[in-house]
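Below is one structure; the comments refer to it alone.
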Amino acid sequence: MEKFQKSFPSAPLAWPSGKTWSLAGVVGSANLEVLMEPGAAADSAEFDVQTSFPGYQDSWLAALSDFSTHYALGGTKVTIHDQGAAPVVITMRLRQALDQLIHP
Amino acid sequence: MSPILSQFFGDSAANLSVTNQILTGYASVGSTEVAVIGTVDGTYVNDAAALQLAAHVLDCVQSKPGLPIVMLVDSAGQEPNRTAEMLGLPVYFAHLLSCLQVARDAGHKLIAVATGKAIGGAFLCYGMFADSIYALDSAQLGLMPVEAMAAVTKIPVATLEELSKRMPALEFGAKPFALLGGVQEVWPADGALPDLLEKAIASATTEDNRALLGKERGGRTLAYDVRQRVLAESAK
Amino acid sequence: MSRVPYHELKARERIAAICDRGSFNEILPPPERVMSVFLPELGIPVSFDDGLIIGRASLNGSPVYLAAQVGQFVGGSVGEVHSAKLVGLIESAARDKIPFVMLIESGGVRLHEGSSGEIGIAESMRAVFACRTLGVATIAVIGSDIGAYGGMGIFSACCGSRVMTEHGRLGVSGPIVIEKWMGKQAFDSSDRALIWKTSGGKTRYLLGDADVLVDDSTDAVRAGIISLLGQPAPVTLGSVSADQQRLEARLVQFGKTTNPDDIWTASGVTDIAAASLASGGEFANSYPKKSSAQ
């Protein structure tokens, strides 16, 4: 298991009132689950990743940095449990979790 | 007749019958008359075995009000069989459990003792349903031996053995099973079994205390608390 | 959403589609982080809900306690936390006299957690029967491709009633285990038609093990559950005595055959090929239950 945390600058996300979390994905082969919660600094997205496929940290950080740049995620804590998802799936799940937050 | 039967029931063991390695009958434990059901010699259980055991439970409920039911377990589990599955093996097992519930509701105490193998579906379909569950220290309880677990999970035997030192849930045997709360007590195989069984019958209640035992003994540190949290949250 | 097959949906999607809109309130949701402590020791990723989502919802305005297993997570298998959530939910149902409904998708005990899952399933069985004695409905829904096997197969059969689709399977030993034991000649685990005829919803329905057989859609599954909410199915001496006779007769009638077609034929199916292709709902309409148990 590999674990790491990293924060990236991100435009602030206005958390809808009444919403305290959103979840996308499932922990399974080549998949991951993504939990988004409030509580990070307003201009920062904080990521906490646990993966059973060690050795891809650079790839992860690139995907997470990219996402933080392209989407407003500031103020959000993102916790990930991964079982070998490809970068395109990671990005998709992040979008799904964010989507659920903004358009429930 | 299996020596364990004389150990528990003395001369009254002669009143018990074993057909297809399924045990049924009425006997005495010390001065307490009991109904007896069970498996012997590590046999496999199937649909017919479940019906055989259920029939005796029904006989007890219908003809011997209030008699405690002693359930002995020495079974290797269910034998994988296409006909058994086609006929609905889970339903046969659930039927046996239903009969035991009827007995419980009618006031019969249910006591289980694992005397040999107590594995998988064979244990779940009657023994683990008892009010109180005990095991001889020589009994083989658990899911499966570590070699089989390694084969299915692809986790090396050495890793599992190392982990089982810290995780009794992975260890196969009566003592680790007791740490998890799976059995009330482990009895020495050469102990005063009739006394132990009589006390067990007297002290049995219908409350399922296994999660609390697992917490107190450290084998299952989360089960009790999680359950209580669910009950608290749902009450809000 | 109602057109997407039930068996293709994930657990959370099934819950959303089956419950009255917006009525599901999750108990111990993901942010609570009630997770397995065993799996990380084995280098296996944890899940926020440990593969079991529990909560309270309403179905057609009636409150229910609802559980749904996540088949993708370690095969929907049952570990310590998963079963503790389940026991707590069933005990809540007993306490509040509210029906317990479970969407089953599991191979049984989680091997990675050894005996703790096994004991947890046993505790769940005690809790389900306590509900039945109290007159609280307990409904198992079996409609996923993983089915209900092992200890969860037995648990499903312990519930007061069962909704199945043609996709669902109910058994104890899975096809691969049977093939390993009996040999490929005796049972070929790659023969999907055989597997589904042996353990699938249609055969279970004909034998009376499934109370309701419906189409593979969330609308149909929801309707099936609602039809059973008012049926607590307690166990009584009368009911189990009747079951004993019925199950003995089943063993006598079909115990010597290995061919599920014999069951279908004996139940009045004349065109087996057509019946095999029928949806669950179509099949149930063609072969309605007789008023007395078969």
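Observations
- Taking the longest Cα principal axis of chain B as reference, the axis of helix B:193-203 is set at about 80 degrees.
- In degrees, nearest ten, helix C:80-96 long axis to first principal axis of chain C (Cα): 80
- Theoretical ellipticity at 222 nm over the protein assembly as shown - DSSP helices of four or more residues, -39500 (n - 2.57) apiece, nearest 500: -12500 deg cm²/dmol
- Of the residues C:34, A:34, the one with the fewest other Cβ atoms within 10 Å heads the list, and the complete ranking is C:34, A:34.
- Rounded to the nearest 10 degrees, the angle from helix B:223-234 to the longest Cα principal axis of chain B is 90 degrees.
- Taking the three principal axes of the alpha carbon atoms in the range B:3-205, the coordinate ranges are 52, 42, 29 Å, sorted in descending order.
- Span from the the range C:254-294 Cα centroid across to the the range C:186-245 one, whole angstrom: 12
- Alpha carbon centroid spacing (whole Å) that separates the range A:53-67 from the range B:78-114: 51
- Mean separation of Cα pairs under 8 Å and 6 or more residues apart, divided by the residue count, gives the range B:3-205 a relative contact order of 18 percent.
- Options C:249, C:78, C:272, ranked by Cα towards positive dipole end of chain C, top entry (Cβ charges): C:249
- Based on C-alpha pairs under 8 angstrom that are at least 6 apart in sequence, chain A has a relative contact order of 41 percent.
- Sequence-distant contacts, meaning Cα pairs under 8 Å at least 6 residues apart, place the relative contact order of the range C:6-286 at 15 percent.
- Counting Lys and Arg as +1 and Asp and Glu as -1 over every other residue whose Cβ lies under 13 Å from the Cβ of residue C:244, the net charge comes to -2.
- Put the Cα centre of the range B:208-235 next to the Cα centre of the range C:97-133 and the gap is 14 Å.
- Under a 5 Å amide H cut-off, with hydrogens placed 1.01 Å from N, residue B:110 pairs with B:69, B:131, B:132 among residues at least 5 apart or on other chains.
- Computed from the alpha carbon atoms alone, the convex hull of the range B:10-91 holds 93 Å³ per residue.
Readers should treat all values here as calculations from the given coordinates under stated rules, not as data from a laboratory. Not measured: the values here are computed from a predicted model. When we count neighbours, we look across all protein chains shown, and the Cβ atoms used for this are built from the backbone with ideal geometry, even at glycine.
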